[in-house]
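The values are calculated or read from the model by the stated rules, or taken from the named source; none is laboratory data. Since the model is a prediction, treat every value here as computed from it, not as a measurement. Cβ coordinates were reconstructed from backbone atoms using ideal geometry, including for glycine residues, and neighbour counts include every protein chain displayed.
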Ligand code: XMP
């Protein structure tokens, strides 16, 4: 295992990814972690991440200096290296020239970290401060034109520092440098696979939950489905899932889910039909935030009422993913455990005195899909595109009514059918239809029509933080448009959304 200390860099997730790509398990911790705690975790190596601070700033995050004395190899990246230099008595200063962007790194002394790396490589720099003088026992192993101390090492102590970022794509041989650190310096074996993760995770859940009862809010998305299956494998019938049908789901969604999860996998699910409870307070509401708030509140009420019926429950399972955890433990982030607001069970754990079980908290989205496949989740569920908690309510722009939901459902079903048939479904982050609150004039069979407009949204993205509109083939767009206008009563015009995020968002509301 590799421990990554998070000094707040925007690239931390990438460091974790690179380590995982080498099939080595890693965990991100906040700088507050004590040397004692690290010793008890017995990692094979420690990576100190970069960060936006200057080491001399008043509130600059610092780790326990003793971590540099644990006889565990340490790799400091950018701010991480500066922290190490400062902690061991070297000098870090504001550089005359800020260095940002590509630089050519000349490797003077390869050692084990730069083994097999070209003598001159491109690297990505992003720093204001630089190391001016080294602590005792360190030597310079590489430099750039602006930064004479570009990489350092203390050979006996196995302490390494890189002023550049090996984790980003812009450092083409950065992956190899990190791999050298893992394999040659830390002697990690590349054994971490989804299979071993699944076995470990189930064992840990069994150990924690024992023969107590555990509840899970199932949304039908990948994360909650994988969590359900994993927990079910661990504790069987002691798991009860609650699925709230809010009346804002897509066509046939609840039925399909019931089939795959209840019938095929034998997981016990309580289906709560609460459509009326959601649709009634939504009547007449057009403001997007108000709509979201109503849906969030009603969900809480319905979920809670159902959860309270499950007597003696002691645990609540959640499909929290690694990016959420990283955000919450970040040196500049908030509390240590944040329940994403759209998971919608905010106050429940305290109220029912439930303990949280979050088996996916160290996984990325694509790893969750791999895990799902590994433990036998249906392909269709594994590859499901994300669907927002407020459902179709934020895709029926303006007032949400049964009638408008039904028009959108039909439109969306056709769109998804064509996207699936074309082979694009897995290539897209999301693809969906939006029903606009304006009408336009058309002509059908010599008759004037005055009907709704549907917008098609299809985006590619890695993490939904940014997204690009998908360059779908014209023929496919044509087929989708024709089918929608011909088959859905109430839509006589289809438009394609060609905005990216930012500045637009993926959902329209
Ligand atoms: P935006 O519209 O902010 O969406 O670009 C980013 C991603 O988040 C999804 N989304 C939500 N998911 N509850 C959720 O579970 C929500 O309230 C919610 N709002 C947006 C959206 O579908 C996209 O994938």
Determine, yes or no, whether residue 357 is more than 16 Å from the ligand (Cβ to nearest atom), farther than 30 Å from residue 282 by Cα and either at pLDDT below 95 or surrounded by 19 or more Cβ atoms within 10 Å (Cβ to Cβ) (or both).
-> yes
Name the single residue, out of those in region 19-66 being surrounded by 20 or more Cβ atoms within 10 Å (Cβ to Cβ) and in a strand (DSSP E or B), that is modelled with the lowest pLDDT.
-> 28
Please give the number of the condition residue 160 fails out of (1) modelled with pLDDT of 95 or more; (2) in a loop (DSSP other than H, G, I, E, B).
-> (2)
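When you check residue 121 against the structure, is it surrounded by 19 or more Cβ atoms within 10 Å (Cβ to Cβ) and either in a strand (DSSP E or B) or not assigned by TED's automatic domain parsing to the domain that holds residue 79 (or both), yes or no?
Working: surrounded by 19 or more Cβ atoms within 10 Å (Cβ to Cβ): yes; either in a strand (DSSP E or B) or not assigned by TED's automatic domain parsing to the domain that holds residue 79 (or both): yes.
Against the criterion (surrounded by 19 or more Cβ atoms within 10 Å (Cβ to Cβ) and either in a strand (DSSP E or B) or not assigned by TED's automatic domain parsing to the domain that holds residue 79 (or both)), residue 121 qualifies.
For the structure I just gave you, tell me whether residue 462 is more than 12 Å from the ligand (Cβ to nearest atom), more than 20 Å from residue 396 (Cα to Cα) and not in a helix (DSSP H, G or I).
Numbers: more than 12 Å from the ligand (Cβ to nearest atom): no; more than 20 Å from residue 396 (Cα to Cα): yes; not in a helix (DSSP H, G or I): yes.
Taking the combined requirement at face value, the residue does not satisfy it.
Check 455, 433, 470 and return the single one that is over 20 Å from residue 383 (Cα atoms), modelled with pLDDT of 95 or more and within 16 Å of the ligand (Cβ to nearest atom).
Values: 433 fails: over 20 Å from residue 383 (Cα atoms); 470 fails: over 20 Å from residue 383 (Cα atoms).
None of the other options fit; the residue is 455.
Output the residue which, of all residues in region 386-396 that are out of contact with any helix residue (DSSP H, G or I) (no Cβ under 7 Å at 6 or more places or on another chain) and not in a helix (DSSP H, G or I), is farthest from the ligand (Cβ to nearest atom). Steps first, please.
Initial filter on region 386-396 (out of contact with any helix residue (DSSP H, G or I) (no Cβ under 7 Å at 6 or more places or on another chain)): 386-387, 391.
Then keep just the ones that are not in a helix (DSSP H, G or I); that gives 386-387.
On the way: 386: 4, 387: 7 Å.
Residue satisfying both the conditions and the ranking: 387.
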